[in-house]
2 protein chains.
Amino acid sequence: MAQQTIDSTRQPAPPPDAAIKAAIEKFRSVLGTEGLLTDEKDVAQFRDPFAHPSWRAFEPSAVLQPASVEQIQAILRFANEHRVPLWTSSQGRNNGYGGAAPRVSGAFVLNLRRMNRVLEVDEESATALIEPGVSFFDLYNHLRAIGSKLWMSVPDLGWGSVVGNTLDHGVGYTPYGDHVASQCGMEVVLANGDVLRTGMGAMENTKAWQVYKRGCGPSADGIFMQSNFGVVTKMGVWLMPPPQVYMPGWLTLRRDSDLELLLEKLRPLMMNGTIPNQPMIINVLCGASAFTERKAWYTGDGPIPEEIVEKIAQQPGFGRWVMRFALYGDAKIVERQRQIVTDAFGTIPGAEVTFSKYDGNALPEFENPHERVQAGVPSLALDQMTRWYGGENGGHIGFSCAAPITGRDGSALRDLVRKGLNDAGLDYSAVIVVGKRSMIHVALVVFDTENEAQARTAYDACKALVAPAAKLGYGEYRSHLDFMDLVADQYGFNNHAQRRFNETLKDALDPNGILSPGKQGIWPKAYRAQAAR
Amino acid sequence: MAQQTIDSTRQPAPPPDAAIKAAIEKFRSVLGTEGLLTDEKDVAQFRDPFAHPSWRAFEPSAVLQPASVEQIQAILRFANEHRVPLWTSSQGRNNGYGGAAPRVSGAFVLNLRRMNRVLEVDEESATALIEPGVSFFDLYNHLRAIGSKLWMSVPDLGWGSVVGNTLDHGVGYTPYGDHVASQCGMEVVLANGDVLRTGMGAMENTKAWQVYKRGCGPSADGIFMQSNFGVVTKMGVWLMPPPQVYMPGWLTLRRDSDLELLLEKLRPLMMNGTIPNQPMIINVLCGASAFTERKAWYTGDGPIPEEIVEKIAQQPGFGRWVMRFALYGDAKIVERQRQIVTDAFGTIPGAEVTFSKYDGNALPEFENPHERVQAGVPSLALDQMTRWYGGENGGHIGFSCAAPITGRDGSALRDLVRKGLNDAGLDYSAVIVVGKRSMIHVALVVFDTENEAQARTAYDACKALVAPAAKLGYGEYRSHLDFMDLVADQYGFNNHAQRRFNETLKDALDPNGILSPGKQGIWPKAYRAQAAR
């Protein structure tokens, strides 16, 4: 049962030019000119946004932008007949992991930005039903436009798709920030064009599609996330009634080693809900990158030396680690939570805890983008972080491992990743996003996209961390196109039972292998045969 | 794409006697005598526990009780070779829905009671890894035996399997009462004998299997619940750190019509977490059945008349509707939540709210079983409810619909179910279990199992409610063997796309159709062909 991995050093052959040309003609007839991008400049927007222009990988043939389920079905019909590979994205803003770019060069990007309707907002049950093209900005603007007071959860950058982010296990930073947990009900177009509704949506005339997460029988929602088993065309999302009080907080730690103590103090507060959102623990360089450029601190080559890092950490408003978090709800309960949090962190030497306080029903224009994001107000301000090396052409690539919330795990990941990046000459910029029982250590590896050598180093350094992290017991929760196969390889229990299982589902649901071949290391049968030769 | 439903009026043919005999011999060689029950009296324990003995349906051939994954694999190997149908249960205590009995008579019950190890308790992250034979009592006793202070969530009757209850979308009544939401990681033996671990368990040496719910790639856990796609042999479960204060509360309503107002007041308190557990709203007859028998109130035939129902409701300690719920946590926060809850319900005319208060780290021996259950202490006391019609031989059957938490939906379900049961001559005994965004109206249809006519009436009355409920938009969240097909029929969106999808998965994962054929209306290919003839 041993299997051939298809990795990026051995790209599957793209479709022949004539096949691509014929497909474009067909897709033009289905989508019209408004739904088909073939111009090189337009198509380039759907490459890996931070890859160096000279790299020849992950290049789409053209971009399909259907406006309806029926158009998707027509695309799938042709793709099945002619074995045309498609690569689905919603907005396609998954930038630190390859953006909208396809794993297989020559594939057509099936981009759903034009399906951008908010189909329903239920004020009573605080739910929405949306299409995949709805960005966080779109949903936010829609809620305000209809006079709704409901809050939503947003990631740091608000231009992405609510659906797409959820499908890739993305997170936000209100109490609804575990986006998978806040999802309720889906519509999925399967590879054969059949339209499935999950949960209670499988019942015509249902009253509970957006409120009860399951139906009667197996729940398929999970297998349509981080997969290539279907095209999600509608999704239910839970919204949050506005809290009486919104109280964002900051915890500043002076010493690098205090990360461990912080995690030990934080874990019980996460488990018992004292801190209800997903706190982000930001290391000094990542914190600095939100407001400054690297050259303000250091202009030498190689990683910023420890003494400079320490100097930055001592600046007012900075720290070696800074945690953003927030409290939400009844004024008296929030006040008590503030006390509990302050008491708990007050035992860490040198720690400072500060809070702001806002009326949850009348939010201001926030000056601080972190306070905005934790209130579920979309923003692009934190895109600044990618400009660390200067100029407008900053890029980043994510290396992101899941772990228990313990000091041991926090320091193990910090040490592994810092050494890996520093040894490659890169700065260690990282955040730890903390959930109820687990945390994700995200190395935000920033680089100058116009500096090919640096970009290559960043990609390679991330890739080189995958196996050592797995050896310590840490798996990635999401991965860049460039090392999806390598990441999937780490999930090796019982001779890769998970891969075999995913392939069984893939072959059953998409026998012609047209949907996002290679996504998360799941390859259709035809590609596996090719690799085995 | 129209499809033949296999319903219980048209039982699939059981395997021939010779095949059953040969299988028993084989299974004896695999399991020894301690793992095989063939004696009629023993096997009878695995029939529908409340079916009348004269009914010839859902009858197992024998019961297999493997003690290991290897024994399960050996059973599956033989079952695949000889097309022997198995029917998986963990403890098999799903009594209101058919217990451990198989949908297809002649199937072998694959019962996992002997796999009853608590494999790990992680005090730090508050998780456990358990086998399917672990009952709620077992886990509770284990935690106390090892000196753990951690709480668990239990349903009203504690003899069931933690895994089995979760797989059937069961619920409990602490803040961890959404058992599916508290599940983290699985090991599954597939029909072909392959062993899959989900989420981070797919990585050897994983540190995050029981803390991070997903892996990298699709999450399969949901498709192994309420399905027949695999045999779950290990499961992670989240435990609750003990709260400083445990404060169970009671709300009593005098008027039937106040249910609507209650639900409107309750919904925001559920959404914002003021009430963190899953409250149960108990109607008067169900409440009475927990402590008394029917004959104490009425001895006539037919449903108890409205004036008697009203008389019961006016007794001290009773009410037309009574809601049990509880608060947990920091003393000051709980006190504030108590005030908010009291203020909110105080606006309902005649409503009474009372609370008890306990030290969460030193729970007493509770007198009231409701207080015990909401503290996660398993009990069998509420089994009394099934003895409403007198004697030890009470039975019950569940008819259980999911709906939004609104007064409209509450009264619509109450009126539909009450009329259906009363018209059939049965009492309306019901509870509404309330979650974060949805509620389940459970008709607890009790009857005397020795009274065949009454038992038949109870089964038929539940069955007769399925289609009318669906017409109003309410689907069942779980269903009795006797009407699994009928329930599945209601999930008819897009010409039963969900059924077709489930059949595609079934055929891919269990091509010989050996695992729990008919579970939740999912039939393997061979049975579908038989039905179509």
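Numbers below:
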quantity: In degrees, nearest ten, helix B:331-346 long axis to first principal axis of chain B (Cα); calculated: 70
quantity: Average partner coverage of A:269-281, which counts Cβ from other chains inside 10 Å; calculated: 2
quantity: J(HN,Hα) series, the stretch A:170-187, from Karplus relation 6.51 cos²θ - 1.76 cosθ + 1.60, nearest Hz, glycine and proline x; calculated: x, 10, x, 9, 9, x, 9, x, 7, 5, 5, 5, 8, 8, 8, x, 9, 10
quantity: Two-site FRET efficiency, B:GLN384 against B:ILE146, from Cβ-Cβ distance with R₀ of 35 Å, rounded to 0.05; calculated: 0.65
quantity: Filtered GluC sites (Glu not before Pro), the stretch B:287-388: DSSP coil and at most 12 other beta carbons within 10 Å; calculated: B:GLU365, B:GLU367
quantity: The stretch A:71-151: GluC sites (Glu not before Pro) in DSSP coil with no more than 16 other Cβ atoms inside 10 Å; calculated: A:GLU123, A:GLU124
quantity: Inter-label distance for A:SER356 and B:GLU120, nm, one decimal - labels placed 7 Å from Cα along Cα-to-Cβ; calculated: 4.2
quantity: Per-residue Cβ neighbour rank within 10 angstrom, fewest leading, B:ILE223, B:ILE348; calculated: B:ILE348, B:ILE223
quantity: Two-decimal Rg to Rh for the stretch A:343-385 - Kirkwood Rh, Cα set; calculated: 1.09
quantity: 15 Å reach of a label modelled at A:ALA526, 7 Å along Cα-to-Cβ, counting backbone N of the stretch A:53-79; calculated: A:76-79
quantity: Peptide B:495-505 - average C-beta neighbours from other chains (10 Å radius); calculated: 6
quantity: FRET efficiency, 1/(1 + (r/R0)^6) with R0 51 Å, evaluated for A:ARG28 and B:ASP460 via beta carbons; calculated: 0.30
quantity: Cα-Cα over 28 Å, subset of A:LYS207/A:LYS234; A:LYS436/A:LYS471; A:LYS332/B:LYS436; A:LYS471/B:LYS436; calculated: A:LYS471/B:LYS436
quantity: Cα-only Debye scattering, chain A: base-10 log of I(q)/I(0) at q = 0.11 Å⁻¹; calculated: -1.00
quantity: Among beta bridges that DSSP assigns inside the protein assembly as shown, antiparallel share in %, nearest 5; calculated: 90
quantity: Estimated FRET transfer efficiency (B:GLU392, B:GLN315; beta-carbon r; R0 25 Å; 0.05); calculated: 0.50
quantity: Other-copy label distances relative to B:ALA529, 7 angstrom Cα-Cβ extension, nm; calculated: 2.5
quantity: Computed lengthening from A:THR38 to A:GLU450, 0.36 nm per intervening residue step minus Cα-Cα distance; calculated: 145.8 nm
quantity: Length-normalised contact order of chain A in % [C-alpha pairs under 8 Å, at least 6 apart]; calculated: 17
quantity: Packing-based order for A:82-90, B:18-26, A:251-259, using average beta carbon neighbours within 10 Å, highest first; calculated: A:82-90, A:251-259, B:18-26
quantity: Packing-based exposure ordering (other Cβ within 10 Å, fewest first) of B:SER105, B:SER135; calculated: B:SER105, B:SER135
quantity: Inter-copy separations for B:GLY300, label at 7 Å along Cα-Cβ, nm, ascending; calculated: 9.6
quantity: Peptide A:485-492, shielding by other chains (average Cβ, 10 Å cutoff); calculated: 4
quantity: Those aspartates and glutamates that a straight Cα-Cα span of less than 15 Å connects to B:LYS295, excepting residues fewer than 8 apart in one chain; calculated: B:GLU392, B:ASP427, B:ASP448
quantity: Using alpha-carbon coordinates, inclination of helix B:136-145 to the longest axis of chain B, degrees; calculated: 80
quantity: Ascending list, in nanometres, of distances separating the A:LYS21 label from those of the other copies (7 Å, Cα toward Cβ); calculated: 7.2
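Bear in mind that the values in this text are calculations on the coordinates, not laboratory data. Bear in mind the structure is a predicted one, so any value in this text is a computation, not a measurement. Cβ coordinates were reconstructed from backbone atoms using ideal geometry, including for glycine residues, and neighbour counts include every protein chain displayed.
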